[in-house]
Each structure stands twice: as C-alpha cells, then as structure tokens.
1. How much accessible area per residue does region 1-58 have, in Å², with a 1.4 Å probe?
2. Between TRP343 and ALA258, with labels modelled 7 Å along Cα→Cβ, what's the label distance in nm to one decimal, could you check?
3. Based on the Cβ-Cβ distance from LYS7 to ARG291, what FRET efficiency comes out when R0 is 45 Å, to the nearest 0.05?
4. Given points 7 Å out from each Cα along the Cα-Cβ axis, report the LYS18 to VAL324 separation in nanometres with one decimal.
5. Stretch ASP51-ASN407 to full length: gain in nm at 0.36 nm per residue minus the Cα-Cα span?
6. By the scheme Lys and Arg +1, Asp and Glu -1, what is the net charge of all other residues having a beta-carbon under 9 Å from that of PRO471?
7. Quick one: accessible area per residue over region 390-468, 1.4 Å probe, rounded to a whole number of Å²?
8. Less than 14 Å Cβ to Cβ from ALA255, Lys/Arg counted +1 and Asp/Glu -1: what total charge do the surrounding residues give?
Amino acid sequence: MANELWKMTAVEAVARLKRKDISPLDLVEASARRIAEVEPAVNALPTLCLDRARDHAKRIMAGGGACEASSEAGWLAGLPVSIKDLTDVAGVRTTYGSPIFADHVPARSNPLVERIERKGGIVMGKSNTPEFGAGGSTFNEVFGRTRNPWNTSLTCGGSTGGGSVSVATGEVWLAHGSDHGGSLRRPGTYCSTVGLRPSPGRVTRGTSNNLWSPQSVQGPMARNVADLALFLDAMAGFCLEDPMTFDAPAMSFSAALAKPVAPRRVAWTADFGGRFELDRDIREICTKAARRFEELGCIVEEVSPDFGPVDEIFMALRGQQFVVDRELQIQQHRDKVKPDIIWNTELGLKQTTSRLAWAERERAALFRRMVAFFQKYDLLVTPSAPTAAFDVNLRAPATINGKKLENYMSGSTLNSAITVAGSPAIAVPCGFDPYGRPVGLQLVGKPRGEAALLQAAALYENLLGLDRLLPIDPRPGTVPPST
C-alpha cells in the first residue's frame, strides 16, 4: 500500500495526514520512490533535496518547524511539493535555468517558499524551467529538456514545464510555478493538469525586481481543481516584501469549492474575434468542449471582449520587464544568455518612452473594457493553447494553422492577452486530439475573482472527469506529422 500513496489526491493525502493515518515521512519516502521511477524518462525535477525534505518531515511530526496552526486555511500538514527553479530555496541549488547560476546556492528562501513551508509544504526538489523562465518549451543548458509524460517525444510546455510534469506523474502532489505569458497555463494544457494564473497581488513574488509590475505572478499547479484551491490557500495573502499583495479572503478557496455555484452567462471565443490563429483540431475540440457548460445550466454565447492591439501592448511591456531583469546580466555574460532573451531585452532597450506610455494607456483601457464585459458575463472561455504539444526539440511550434510564427512568443498570444487584461485564468483539460495529445480550455474570471473561477472550473472538471486519468506513467511515442 505504501507504494501506492502517490496515487492519492493532495486533498486526500492532507486529510489522512491530519488524521495521522500516514505521516509526512511516509509521503516523503513515497515521493522519493516515485521520482526514482519516472524521473529518468521525463527530467522534471533535476535538483532534489531529499535529506532536507526528510528533516522537515521529522520537524513537522515533532510539532516544530515554525509551522502554522493546522486550523489555518491551506494547511498542507507535511505534503511534498516541487518549487520552480526560478525561485530560491535555502541551501538548495537554484540555477534559474541559466549557466550563469549553474552553481548558485541561496542562503535564504523566497518569501513564498517560506510561506509554503510554514503551511506544512515539504520541498522535494526544484522543477526544470527554460532559462530565466523565457520560453514555451522547457529546456536549458544546465539540465536539458523536460519531456511530456503522455508522449516523451513531445514538449511539456513552458515555463512551468517541470512543475506540470512533476504532478502529472505523481512525483509530488502539488507544484509551484510562475506565469508571465502563459507559463502556468500552457504546461497545464499540454500535460492535462490544472494551472492557475492568479490575479496580480494574490500571491507574493517576494524578491522580484519588477515588484511594481502586474505582468509576472506566482501560482499553483495540481492534478485537479480541489488540489489547486488547497495550494492557492497556502500561497495567498499579504506579504510585507511585496507591495502589490493583499490579505487572503475571509472564506478560503477550498471552502468556496464546497458549495460551487455555476456561472450564469458564459462567453466563448475561439480566437478573440479572429485575432489569433488556431490549429483546426484545437478549434473544433475546444468549441465542442466550451458548449458543455450548457450542461451545467449556463447560457453560452460566442462573443469576445475588445482586446485592441493586445499583442503589441504585451510585447512592449514584456520588453520593459526584460530590461529591468536582464540588461545587466547581458552586459556581463552575453555569451551565456540564450538568443531569445537577448532579443526580448533589446526590443525593450530600443523602444521609446512614448511607446511605453502608449502601452500603459492601452493596458488601462483594456482593463476598463474587461470590467465592463464582466458586468454582463460571469466567465470568459477560450482555448488554452493554439496547438497541441509539439516536438520536444523545438523551442516553439513550427506553425499554427499552417502559418509560420513571427517569433517564439507568437504561440502564447491566447494566454498573454489575458496577462495584459489583469484577470485570473485557469487551464483545465477538455479532451485529446486525434494523436492522443491533451487539449485544454482557458477559463478567465473577473479581477480578483478566483473563488468564482475555481467554482466554475471544478464543476466543469467534474462534468468531464478527465482528472481521473491522472497520475500517469511516462509513455514513449512519436511526433505527429502535424507538428
């Protein structure tokens, strides 16, 4: 039975931990065994800290370890988790996926990691990510490529690719990640897990140099929506070190799922009014999947907010963020930084102050239009990715609907548009394409409306039942000809 513990959901595991049916150390050892079984095939957790995890488990079992009271929302009770390799864990090698930091070992954990550990989360290891999180496929020069467990010839997406694979395969019960242009949503889609981009300020980013920008956020990944809500409860809340954060809600997200309310009016758009390209299979699968909200009693209408020149807005703001984050590193270590990052940073350096002012005005106007849109609609539904998972050796899909991409970010516009809008968004599985590759929907909620968003996602998930296919064992396969 001990060898089967990894098959439990996070909610089930925490309930058993609270009852003391099992111990944190039992789960740490079950996680370690599962990692040893599947890691050679997927390369999701290249850096492990098993002795540190065992020590933390023993402290929790002894009633120590600076843990918060078990009555607190989001109490994880000794549950093993993974932390994305962009985020510091004290005493654990943290490379940010970059050769510049290949041997970096931080002395202090990121404030979010400290919060997760206070809530009883046990860090098993660091999940693989593209260099500095830049990219829609998870690979870097330090650890190599992370593979999709549904077909190891395919990408798992990026940039929280290692995190998504670590929960899909049962290596850990929950995965921490981050999202700028879809980094929690695309890997969720490609691996048939769930990934949530929270509202800016919901979860602390801690030590970021872009503390005043809402573009990049931290958030949870899990096997199902209830597990995701549990981890969001552990993460959410005010942090003195992040000026955008605010208090956690009076009712926990897990409690909100106990009495879910279906959205009354659902807006569905395949391509934001013809703005973005989609592969034909994705369009057909997602269109049928979105209509299934009608089975929950929802009114589903095909309509899109006016996103304006959202792709141009995103790239202007992204360029500015890259200048803040990467300009000095490129000056000192240009030969060690991958071309995509140099390109993004130089775009930011070349743009004028007037261009940035335009982008900020347009972002504000889009936010106001989204607020007005959500006065009529309770939920916006879109495809979560324009293609299914592609060749693991590619940094981006070669084409979308037969058209060549302009740059490596062109495959993320369905997600990055929502980033600019400032709304929370969750990727939920909705089916498989003819080659057996997972397909997902992106559900978008009102600003700071995570509770209603998670309720809608949980009801939809229960309707389809796809979460019950996980965890899965890695499967070899070939690259479909369409990629």
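1. Accessible area per residue, region 1-58: 48 Å².
2. Modelled inter-label distance: 5.0 nm.
3. My answer for the efficiency is 0.90.
4. 3.8
5. Length gained, ASP51 through ASN407: 123.9 nm.
6. The answer is +1.
7. Result: 33 Å² per residue.
8. The answer is -2.
The values are calculated or read from the model by the stated rules, or taken from the named source; none is laboratory data. Since the model is a prediction, treat every value here as computed from it, not as a measurement. When we count neighbours, we look across all protein chains shown, and the Cβ atoms used for this are built from the backbone with ideal geometry, even at glycine. The area values use the complete protein model at the heavy-atom level, side chains included, leaving out ligands, DNA and RNA. Shrake-Rupley method; radii C 1.70, N 1.55, O 1.52, S 1.80 Å.
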